[in-house]
Amino acid sequence: MKYMGDYPSKRSRSVNELTDQIFEGALKAEPLKDEIFCQIIKQLTENHVKYSEEKGWELLWLCTGLFPPSNMLLPHVQKFLQSKKHHPVAPDCVQRLQKALRNGSRKYPPHLVEVEAIQHKTTQIFHKVYFPDDTDEAFEVESSTKAKDFCLNIAGRMMLQSSEGFSLFVKISDKVISVPEGDFFFDFVRHLTDWIKKARAVKDGTVPSLTYQVFFMKKLWTNTVPGKDPMADFIFHYFQELPKYLRGYHKCILEEAFQLAALIYRVRFEEDKSQFHNFTKMLKELVPQDMMHQLSPDDWKRPVVTYFNKHAGKSREEAKQMFLEIIYKWPTFGSAFFEVKQSSDPNFPEVLLIAINKHGVTLIDPKTKDILGTHPFTKISNWSSGHTYFHITIGNLVRGSKLLCETSLGYKMDDLLTSYISQMLTTMTKQRSSRVNNK
């Protein structure tokens with residue numbers, strides 16, 4: 001009633017404070033869901049106060065996007081909406097109800113974005129999504145949109161051959177977190193902002209405003225082969241692999257570095273040779289940082305120009321694909337890299353580079369880039385993470401070896417490991433069932 005203006009409220013509130021109060025209880029207790037529907041419909045019946053009626057429709061719109069009524073109440077809600085079909089919001093409420101029946105109930109109250117949308121009389125919510133090539137596009141997101149549907153929608157628009165291995169990531173504060181594909185998109189963002197607000201609540205009791213960005217990127221590289229999905233190569237794979245290469249995470253010989261530098265230059269400038277005048281300034285954008293000082297700028301420049309001339313006539317896109325084809329041969333292609341401190345194994349350096357990729361968990365000496373060992377996912381028996389650590393057990397729990405790592409990125413390592421192993425188990429199940437069906 002406070003939301004609809006039927007009951008006076010003395011203080012101004014945040015946009016979704018009242019909607020939280022209305023819906024929070026119902027999302028936790030099933031019988032309250034019908035109660036909410038009944039209360040809203042009751043307030044909308046014979047309501048001649050225009051402002052109050054408008055606010056009631058806003059609540060009904062939000063409610064139909066969160067959960068369906070029980071089977072017993074459903075026909076009554078449908079009948080009410082049918083009787084009000086000329087109201088501008090009613091047809092959208094009918095559609096939202098159908099989707100809620102199909103997709104199930106949300107876990108959290110409406111996100112601020114949803115509340116603001118209906119308060120501004122719009123039933124369409126567009127969300128900006130950022131890509132690794134520094135472009136972005138707006139996509140429609142509904143209250144019932146799950147991360148998997150969102151990924152399929154983006155993959156279709158970007159003309160990717162498949163959304164397999166891709167994920168949505170939400171960047172909020174100093175964290176970038178992958179959205180589980182079965183989660184409702186707005187539920188995940190709501191849960192994340194609430195969690196960070198609680199963790200960051202400032203001493204004086206005020207809460208920082210938390211804006212977030214949504215990214216779409218390749219997460220699992222199991223079936224990634226350069227040339228198989230050209231649009232994925234041009235927009236995602238090249239721009240995700242380039243920074244890892246330049247940070248010096250891969251083991252690379254000089255000849256490969258000359259060729260790759262020429263290809264990176266071509267992606268940026270195509271046939272324009274005039275930029276070679278700034279070669280010294282540009283060196284850190286063309287060559288891995290740990291290799292830069294192996295040669296003087298002039299000794300880098302000569303072979304790079306030679307390779308550049310060899311590739312004459314190649315387009316930016318062809319250069320991206322050639323770059324990927326070279327690094328694809330390396331065992332560390334498609335890795336997520338983590339620099340950690342370890343104290344559990346005296347045979348390893350204290351600072352260790354861990355690569356998680358389709359082969360498993362690879363331990364790398366950060367100075368020499370030598371691979372110290374690769375542990376396939378089938379040999380990993382246990383792992384755990386916290387704010388400052390990541391622990392992993394290789395082999396069985398009794399006789400296995402434990403690696404204890406100090407890192408603030410344990411949550412990312414945990415999520416990647418879980419996702420790769422989940423993908424591996426799904427593939428094994430599919431293979432098993434297809435073998436059974438073929439017998």
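The values are calculated or read from the model by the stated rules, or taken from the named source; none is laboratory data. Since the model is a prediction, treat every value here as computed from it, not as a measurement. Positions of Cβ are generated from backbone atoms using ideal geometry, with glycine treated the same way; all protein chains shown enter the neighbour counts. When the accessible area is computed, the model is the full protein with side chains, heavy atoms only, and any ligands, DNA or RNA have been set aside. Shrake-Rupley method; radii C 1.70, N 1.55, O 1.52, S 1.80 Å.
Quick notes on this one:
- Selection of segment 390-427 for residues being open to solvent by 70 Å² or more (accessible area, probe 1.4 Å) and either on the phi > 0 side of the Ramachandran plot or small (G, A, S) (or both) yields only S408.
- Number of residues in segment 85-112 that are open to solvent by 40 Å² or more (accessible area, probe 1.4 Å) and under 18 Å from K146 (Cα atoms) equals 10.
- For the residues F188, F239, the requirement of being buried (at least 20 other Cβ atoms within 10 Å of the Cβ), of a type in the set (A, V, I, L, M, F, W, C) and under 17 Å from the mean Cα position of the chain (by Cα) singles out F188.
- The residues of segment 368-389 that are within 21 Å of the chain's Cα centre (by Cα) and surrounded by 14 or more Cβ atoms within 10 Å (Cβ to Cβ) amount to a single one, S385.
- Condition check for A117 on (1) crowded, with 20+ Cβ neighbours inside 10 Å; (2) at pLDDT below 95; (3) farther than 20 Å from V189 by Cβ; (4) not polar (S, T, N, Q): one failure, at (3).
- Some residue of segment 138-154 being free of Cβ contacts under 8 Å to residues at least 12 places away in the same chain and part of a loop (DSSP other than H, G, I, E, B): no
- Counting only residues that are of a type in the set (V, I, T) and within 25 Å of G313 (Cα to Cα), segment 238-273 holds 2 of them.
- Highlighted here are the strands (runs of 3 or more DSSP E) found entirely within segment 273-385 that include at least 1 residues which are at pLDDT 95 or above and under 21 Å from P226 (Cα atoms): 336-342, 351-357, 360-364.
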